[in-house]
Each structure stands twice: as structure tokens, then as C-alpha cells.
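Working notes, structure below.
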């Protein structure tokens, strides 16, 4: 129970922080609402029916039904999470396969954690180690086979990108070390402290696998978590609204409001250093509208062909943010509006080059607005 509550608390806190980055994007996304619905159902079902069935300790068909429902509810949570980024896409084969891969890894990881916690003497102490290992051997192998098969298919779909990604090979090397750890310690003769050493190494290596699979933040990650939210805040900080209530202006007035604008501009001033040297996106970050928007490999190809051009465009954003920052120092609303217009044009110029270069209407509009020559 302490591990369950600790893991659940960490998941909720980190999830709320992720949600706070761009709440509007998540809230209107049907896949996010699907995920949250089944997350709440899975948690409620676990703390009521599952724990009640476990406490009764009466093996039977009803317990099997309860367990299957619980597994089904939890499996649907990552399915919803994966599809958050694919809503609007017409190709669902890749996200379905990716979701199956993630669910299989979650099942495998859960059983690994149970075994390792028992090996370290930190949980599951009512079970003997051989009993736990033998009891989970078959489902572990099934989950591993499913994860490996789906992973191989995912690799084949974007082999070139994965093959050129050093973090992918770090992940493969770590998996090889996990296999070696299993063969050396789990099948070796009894040695003092063998179980604890094997369990500790296993947890450490699996944690490293998760980090390597995620890899360092990509340009898309930085844009989504820092640059885009800051830009949205700035564009909403000063504007004119005309509706049934008349025409009114929204602009910063108090010192606190001006300071909030300053903090968002600081993010844009750091854009060149934040974005430099990163990959465009992960292979799984597929375009929702491939007829107009570029795929990760297409964006990466443009970046690799002329990285200096990308840095120049990022510096154009930085220069526009500097103009807006001077307006904030002077608390000049009109100058801030001009600075934000420069930021908007710098963003659109970069997007037209890398994100949606095939959008002819966007290019024509950009020419009329002076965004591009």
C-alpha cells in the first residue's frame, strides 16, 4: 500500500504539472478526457472492488472477473494518453501499435518492480522470492514478447530515424545489460546478498531505459512546454475586443501584470539557446495533417541541411522579444504591441519553413503580411 499510494501521488502531481503547461490544449482534447475518465474509474475500482476481492482471499471466478476489469481499465489509460497527440490524424495504425507497446511495457515493468522490491526486502515480504519469481514468470514472458514484437514493428516503420539516434542504441545497450544481469544473478548459485544486488541493478537499469527511451528534450518538446505557452500568454496580454458589450482594450496596467509579461518574454529571449542542438521531434510525433504539415523526418532533414538558418530564425525571435522587453521597461503598451507583431512574424516565418511548408494559402497570407519576402 505505501508503494501504491506513493506511485499514485507522484503520477497525480506530475500529471497536474504537465497539464498546467497547456491546459486549454488538453482540456478540449477528447483523448485526454477519455484518459482521465478511465484513470478515475481504474483508481476507484482498485480501491473498492479489487482490494475487497483481495482481502476476501477467496479464489474463484468472481476474483478473475474483477482482476480482468481492473487490467482493462488501467490498459485504457495509456491508450488515451498516446492518442492525445494523434487526434485529428487519419492514420491510426501507428498510435495503436505504439499504445500496445506501451501497455506491454507497463505490464512488464510492474511485474519487474514487484520482483525487485521483494528482492530488496522493501515490499511483498509475505511472499518467498522463488514463489514470486515463479508465479510471474509466464505473464512476464508474455508481456516481454508483446513489447519486443511491437517494438520491432515500430522500429521497422522508422528504421532510419531510430538507427541514427544514439539514445535508441543506449536504450538497446541497457536492455542487453538487463539481460546479462538476469543471467548472471538469477541463474547463478546462491551468493550472499545476490538477490538484493540483482534487484538493485535491475531497478537502476530499467529506470535508465525509461530515460533513454524518452531521450533529451526535442525542439517540439521545448516549443510545447515553454515557447508556445509564453507566446500565447503574450498575444493575449494586449488586444482589443469588440463584442455586444462594446469595444474594450486588454493590456497590462499594474506592476504585477507587467512583470508577468516580462517573465514570458525572458523565455523567448532564451529561444536560441533553448532550441540549439536538439532534434526536431521523436519518430512517434506524427503529423495530424501530413498533406500540409511536415513529418519529423522531413523537418529533421531541413534542419540538418542548414542548421545555421534555423539558428538565424530563432535569433529573429530573440530580437523581436528584445524590442518587446524594452517596451515593458518603458511600460509602453503601443510599443509592446509592435514588439508582439515582430514576435508573431518571427514565429510564422519559422513555422512556414519547417512545420507547414506545403501550405500554399499560409505562404500567400505571409507574403501579404510581410512575414516572408
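A short reminder: the numbers here are calculations on the coordinates, not readings from a lab. These numbers come from a predicted model, not from an experiment. Cβ placement follows ideal geometry from the backbone for every residue including glycine, while neighbour counts extend to all protein chains displayed.
Observations, loosely collected:
- Label of the coordinate-derived value, percent of Cα pairs over 33 Å apart, listed as (1) 52; (2) 25; (3) 46: (3)
- Look at the alpha carbon pairs under 8 Å that are at least 6 residues apart: their mean separation over the length of region 2-159 gives a relative contact order of 21 percent.
- Pairwise centroid distance, computed over Cα atoms, of region 233-257 with region 59-130, Å: 47 Å
- Helix 296-305 axis versus longest C-alpha principal axis of the chain: approximately 60°, rounded to the nearest ten.
- Value of relative contact order over the chain, rounded to a whole percent, pairs C-alpha under 8 Å and six or more apart: 12 percent
- Region 2-159 pair-distance distribution - Cα-Cα, 10 Å bins, rounded %: 9, 30, 38, 19, 5
- Extension gain from residue 65 to residue 307, taking 0.36 nm per residue of separation minus the Cα-Cα distance: 81.5 nm
- The separation of region 138-182 from region 258-275, counted between C-alpha centres, amounts to 38 Å.
- 222 nm mean residue ellipticity, helices alone, for the chain (DSSP H n ≥ 4; -39,500 (n - 2.57); rounded to 500): -23500 deg cm²/dmol
- When each of the peptides 48-54, 9-15 is scored by how many other beta carbons lie within 10 Å of its residues on average, the order from highest to lowest is 48-54, 9-15.
- Estimated FRET transfer efficiency when R0 is 25 angstrom, pair residue 44-residue 210 (beta carbons, to 0.05): 0.40
- Principal-axis tilt of helix 166-181 within the chain, Cα atoms, nearest 10 degrees: 10 degrees
- Ordering of 265-277, 243-255 by packing [mean C-beta count within 10 Å, highest first]: 265-277, 243-255
- When each of the peptides 152-165, 198-211 is scored by the mean number of other C-beta atoms lying within 10 Å of its residues, the order from highest to lowest reads 198-211, 152-165.
- Degrees between helix 61-83 axis and first principal axis of the chain (Cα, 0 to 90, nearest 10): 30 degrees
- Region 122-224: C-alpha gyration tensor shape, a/c 1.5 cut-off, then a/b vs b/c: prolate
- Computed from the alpha carbon atoms alone, the convex hull of region 180-265 holds 178 Å³ per residue.
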